[in-house]
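Enquirer: Sharing a structure, written as structure tokens. Questions coming.
Read-outs: derived from the displayed coordinates by stated rules, not from any lab. Please read all numbers here as calculations on a predicted model, not as lab measurements. Every residue, glycine among them, receives a Cβ derived from its backbone with ideal geometry; neighbour counts consider all protein chains shown.
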Amino acid sequence: MYFLTGWPRRLLCPLKSEEEPFHIQPSSQRFYFALVSETQISIWFSRPSVLIVSYIESVKAAAQFGFYQKAEWKPDDSMIAVATAKGYILLFDVLGGGDDKYLYEPVYPKGSPRVKVTPGYKEEQCAPALSLEMKKPVDLEAPITSLQSLQENLLVCTADGYLHVLHWDGQGSNGRKAVCLTTIPFSLDLQSARAGPALDLEGAYICCMEYCVTLDGFAVVLSDGRLGFITPLSNTIIADQLQGVWAADVSDGTCVAVNNKYRLMAFGCASGSVLVYMIDTTTGSMQLSHKLELTPKHYPDIYNKTGAVKVICWSPDCSVAMVTWECGGLSLWSVFGAHLICTLGEDFAHRSDGTKKEPLRISSMSWGAEGYHLWVLPSNQGRRRKEEHSMEEDSPPHPFLRAGILQFHFIKSALTVNPCTSNQEHVLLHGEDRLYLTCGDPTQIHSTSDAHPRTHLHPHDGSPLHQPAHPDSSLSQGLSTLLGHKHWHVVQIHSTYLESNWPIRFAAIDTAGQCMAVAGRRGFAHYSLFTRKWKLFGNITQEQNMTVTGGLAWWNDFVVVACYNFTDQQEQLRLYQRSSNLDNAFASVTKLHADTLLLNVFRDMIILFRADCSICLYSIEKRNEGLGQSASVELLQEVSMSRYIPHPALVVSVTLTSVRTETGITLKAPQQACTAESIMLNLAGQLIMLQRDRSGPQVREKETPVINKKLLPFSPPVVLAQCVENVWTTCRSNKKKRHLLEALWLSCGEAGMKVWLPLFPRDHRKPHSFLSRRIMLPFHINIYPLAVLFEDALVLGATNETVLYDGLQGSSEPLEALFPYCTVERTSQIYLHHILRQLLVRNLGEQALMLAQSCASLPYFPHVMELMVHVVLEEEATSREPIPDPLLPTKTEYALWNYLFAAVGNPKDLFEECLMAQDLDTAASYLIILQNMEVPAVSRQHATLLFNTALEKGKWDLCRHMIRFLKAIGSGEMDTPPPTPSTQEPSSTGAFEFFRNRSISLSQSADSISMGKFNLQKTFSMPTGSSPKGAECAENMYIDMMLWRHARHLLEQVRLRDLGCFSAQLGFELIGWLCRERNRVARVDDFVSALKKLHEDFLWPFPVIPVGSLSSPLKNGRCRPVLSTQLLESQSADSLLNSDMDTAPPLAVPINHTWTDSLGQRSKDTDTASSAHSNQNSPQTYDAFLSLVTNKVEEYSIGSATDLTETSSMVDGDWMMVDENSSTLSLSQAELEHISMELANKGPHKSQVQLRYLLHVFMEPGCLEWCVVIGLILRDTNVIKQVISFLDNPEVPAETVQSIRKGLLAVDTWASSDSLGYNPF
């Protein structure tokens, strides 16, 4: 609502004076402030904050009258009354400065458009020169306790128990009346006034009094601490025409402040509490509405040590109250008791090193114009103590210790004065010169608008034009833009507009959150986030000739303004098009018959509340006229409310809604819910609803022509709720979220929030006759709500944050060290769990289930359910209704589980249901329950089921949890909690240790295979627990068996990619397992189908051959197959794990970019191992398998397989020779074409890396058939050659040799017929 911002500003008095001001009194408009010290009265101006005039009493007069004590302004600011210690009232005339009219004037640069155009225009931005002239003093012969201005009268209370009525201009005794307090009858209520005992007022007097316009009476604090309210029974204040009521059981009152808008009286007490009373309209008695007090929960150190309440100040818009105590500090509450700020705790009360600060003591304070500033006079006792302290140290007093005023800066919600923004989903705050809004970036809106072909861009500024809202279309901004970040979008208000029209009184934002409008003293201006420009009136006369009275609102691309026209002296309703120039020529103007106090827009209707207590409904329609658009406004209906509203100023907000109690009508047609069904009126905190009266004969809509369709009248009002500060409703509809969109949201101060929720029969069943159509549900919230996101079930708000800058410490602390720097942060809160809980408590489980189902897609819904289970199960264990969705009972008290599952169902059945629905995460949460509720065998059986499903679905995180879970069952057999996984256990990081170490052999080749020895006796170890004893070993074996089974399953199905992921994610020792399975499952039965499957799995294209190559077989580049493959494969020398073996860290292998380097590097990598076998051991094998290559080698080839194989053992220096040779090579057109074809035949780089890695994994245990298949898909001759060289090894079984021979022949046959791209290879 109101938020502190920045540091306070200090205003130092320019006049040297020993005296310090101790009382501040604002004028009625708060443009002037009177400061009173012992013998002088000063008048300060608000903007700029400067001293205008100071009247200093002579010594002789001061001795006669006594020191000054209090001051009061005449309502028209023309006089000031000052009360003195010896019972005198001094009346001063406030006079203009004659010829020198201004003390300060603005200076404009030459050629500025802002010149003096209209009469009286310049006065608005100048500090006027004033003088004070004392009139004849009035002697009341008793100490004066209170001053109160009342129209043409001045009421003065004196310590002898009298209430004096003086005329402001009356002189002498004839203008005075006095009423003795003892003659006023006091009672507990007006009904018992005639009979009941009167309050004994002997010796009592009024020590504090304030007049309340809307209650037409005086709130008083008596000298004995009792609280009362005095009502004049007639228009004049005469003794026998006054009647008093007093509050029972209170005798420690200290001060009072009244709130005219909400008809509340806030009484400060010696205990430190503020008691807020209202008057019961039926009995006339004083009833306690609520208390404002610090709670021990939030302020344990200070809540009972504040001392008596010293001053209470309601803000000018009556929405917040500021309180200060004898011991110091400031505290801010909303009108119905929501606590906003307190300077007695946190950074305000402590330094950064934890030591406590002395709280700021305040002698008087006052709100500035529109509540943007709080003017505070620090108390002199605290300052004097500090002065004495500084004297002792012989240091000059710090400026803070000099007399001065502190000015605290506030920004406030636009809802405080312009409640029409409540139907929108943006938080809009305004400070005195800037706006803060929560909408996302306009670029995000642009990107969404591109996606919708219906959205047309504006011809002028490129912004999307508003579309007519479809009943089912969701205009919600979306969570990303509204919750994306903590920062505000800050818009500086145009200085030209501000300097002549300060203060800003109204602000509004459109539904898309892209356009804002502000209105100050005169005229208005609007801003677009698309263009980042303000639009001001081009003609200053037009701006200065209107003042906004009833507020601003946006309707599509129009600003709707209720204003007063000074030229025609009449109230008008105007609509200005956003895109055209701001000028009356483009405005649509409708004359109004009474002053407008409030304005709101609902769909294509405007609702106005007027000063004669009537409500008017208008329809708006767009008209296209020539180039531009205009709007036509037509009066639809007038509703008089004067019977129900005692004073027009009491109406806080007026809203049209589609909400209704739905009595006497069934909602057959969904579009009926979209019409303006009811009026919501916030009358001084009482929410009143007027519904359309459907009791008359109903005409079917089809039969009624649109033109003469008369709107239904409204029924008498019904009170829905008390203590309401804000109301939110939306005009959108969504069949899936009817509960949330057709609800009414209320903010109720300390009582939190309330929602008036519709209840729907399920599945179109007939509703229960006893079931009400709506229900009011209260719930507490930790933030102050400023906007409601209806579909997203979120409340948006703001909160004050503080930052300490107290590096400068010592006795002379600057202001920045005394106060933290205040910032305002965006906040949000989920409320869904509160509503679900309230429905369950009321045995409305079916409604709760429907609501939960409609919100199940929200990203934070699982968190909502978690909160639900905490709250509902642990606090409401007596509710008979089932919990809507048992997502996370694991966090609930174990003792309540049986109770929970008795209601919800057997956990085993629910587990199986989740497994069937593939909801594995929820199924996993049931395992913990089963582990606690069933025997180990049952939980192991279910865990195995889930583990196998998770393996199949590739849910690796879940698999890791399941391995840990199964081990825990085995090791502890239910008695102990699952042990922390040891370092060897598979975990998200440990899973890749194996690969990190293995990667070395990629660059050094398979050392274990060199020199013709096959190291096949590889040690095989599965990840095991830290202590392989008994049950744990058995459990590890059980898990190993499942992992082996899954690996076998993947290999049988030729799912190599999945096998790689499985191995990487779960730390599965693939090479060791392959050693065992080499002659069993790790065989390839059908080379062709395996090759096809790899192409499909790794998204690898089948090779193609250029068209030209078919005609010339010798020129198709076959001459240098290895050169081209080496050049192309150089890229794969980088990380072989950067794959969707998901989180594997890339290896630090440098990428070789030079063709020739990589040529050598690559052949070294691949061929070192086979160098020992390159001594032409099996020429006949070469002939058989490599005939295609070796038989057709040309003389100039330097890249044939044999060349490179034979040179692979050369020392590094010899590679220079190859470099030189290759550098002198000039590539022909055909060769370049061939290389580009090779590039086209490659799959994704990621797949290449994965295949190379798998090649290494199969090569090491000697699974030669798979090596051939992978070599074929990579079209790498070296691999094939290397494999063939191994076939001579006696350890290789004969069937493997035969299988490879048969497989290659099959591939050759297939390539000739189906895949010609493989033929050249």
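Enquirer: How far apart, in nanometres, would the label points at T675 and N906 be if each is projected 7 angstrom from Cα along the Cα-to-Cβ direction?
Expert: With each label point 7 Å from Cα toward Cβ, the separation is 5.4 nm.
Enquirer: Per the Kirkwood definition applied to all pairs of different Cα atoms, how many angstroms is the hydrodynamic radius of the range 24-82?
Expert: 11.9
Enquirer: Pop the C-beta distance of K1302 and K533 into the FRET formula with R0 = 60 Å and round what comes out to the nearest 0.05.
Expert: Details: r = 78 Å, r/R0 = 1.31.
After rounding to 0.05, the efficiency reads 0.15.
Enquirer: Next up: Pull out the extension gain between H1049 and E634, defined as 0.36 nm times the separation in residues minus the alpha carbon to alpha carbon distance; nm, one decimal.
Expert: On the way: separation 415, 0.36 × 415 = 149.40 nm, distance 7.58 nm.
Contour length minus Cα-Cα distance gives 141.8 nm.
Enquirer: May I ask you to list the residues of the range 70-100 whose amide nitrogen lies under 12 Å from a point 7 Å from Cα along the Cα→beta-carbon direction of A61?
Expert: 82, 90-93
Enquirer: FRET efficiency for L1316 and D1288, Cβ-Cβ distance as r, R0 = 35 Å, nearest 0.05?
Expert: On the way: r = 32 Å, r/R0 = 0.92.
Efficiency, from the Cβ-Cβ distance: 0.65.
Enquirer: Hey, what do the phi angles of the range 904-919 turn into as Karplus ³J(HN,Hα) couplings, whole Hz, using 6.51/-1.76/1.60 and θ = phi - 60°, x for Gly and Pro?
Expert: Karplus-based 3J(HN,Hα) across the range 904-919 equals 8, x, 5, x, 5, 5, 5, 4, 5, 4, 5, 5, 5, 7, 6, 8 Hz.
Enquirer: Separate question: Which order do peptides 959-967, 855-863 fall in by mean Cβ count within 10 Å, highest first?
Expert: 959-967, 855-863
Enquirer: What is the distance in Å between the Cα centroid of the range 533-573 and that of the range 1052-1082?
Expert: Taking the Cα centre of each part, the range 533-573 and the range 1052-1082 sit 77 Å apart.
Enquirer: How big is the Rg/Rh ratio for the range 596-664, C-alpha atoms only, Rh by Kirkwood, two decimals?
Expert: Reported Rg/Rh (Cα atoms, Kirkwood Rh): 1.08.
Enquirer: By the scheme Lys and Arg +1, Asp and Glu -1, what is the net charge of all other residues having a beta-carbon under 13 Å from that of S251?
Expert: Values: positive: R226; negative: D200, D224, D249, D252.
After counting each charged neighbour, the total is -3.
Enquirer: Using square roots of five times the C-alpha gyration tensor eigenvalues, list the equivalent-ellipsoid semi-axes of the range 479-595 in whole Å, biggest first.
Expert: 26, 15, 13
Enquirer: For the range 1262-1321, which GluC sites (Glu not before Pro) are in a loop by DSSP, counting at most 11 other Cβ atoms within 10 Å?
Expert: E1291
Enquirer: Continuing with the same structure: Could you work out how far the C-alpha centroid of the range 904-918 sits from that of the range 773-787, in angstrom?
Expert: Their Cα centres are 34 Å away from one another.
Enquirer: So which of K486/K736; K533/K591; K486/K1246; K736/K955; K297/K356; K1093/K1242 end up more than 28 Å apart, counting from Cα to Cα?
Expert: Too far apart for the 28 Å limit: K486/K736; K533/K591; K486/K1246; K736/K955.
Enquirer: If Rh is defined by the Kirkwood formula over all Cα pairs and Rg also comes from Cα, what ratio Rg/Rh do you get for the range 1252-1321?
Expert: Value, to two decimals: 0.97.
Enquirer: Quick one: which of 1299-1306, 1056-1063 comes out on top by average Cβ neighbours within 10 Å, and what's the full order, highest first?
Expert: Numbers: 1299-1306: 17.0, 1056-1063: 21.6.
So the peptides 1299-1306, 1056-1063, ranked by packing, come out 1056-1063, 1299-1306.
Enquirer: Let me ask something else about it. Can you give the FRET efficiency for D139 and T236, using 1/(1 + (r/R0)^6), R0 = 35 Å, r = Cβ-Cβ distance, to the nearest 0.05?
Expert: Efficiency for this residue pair is about 0.90.
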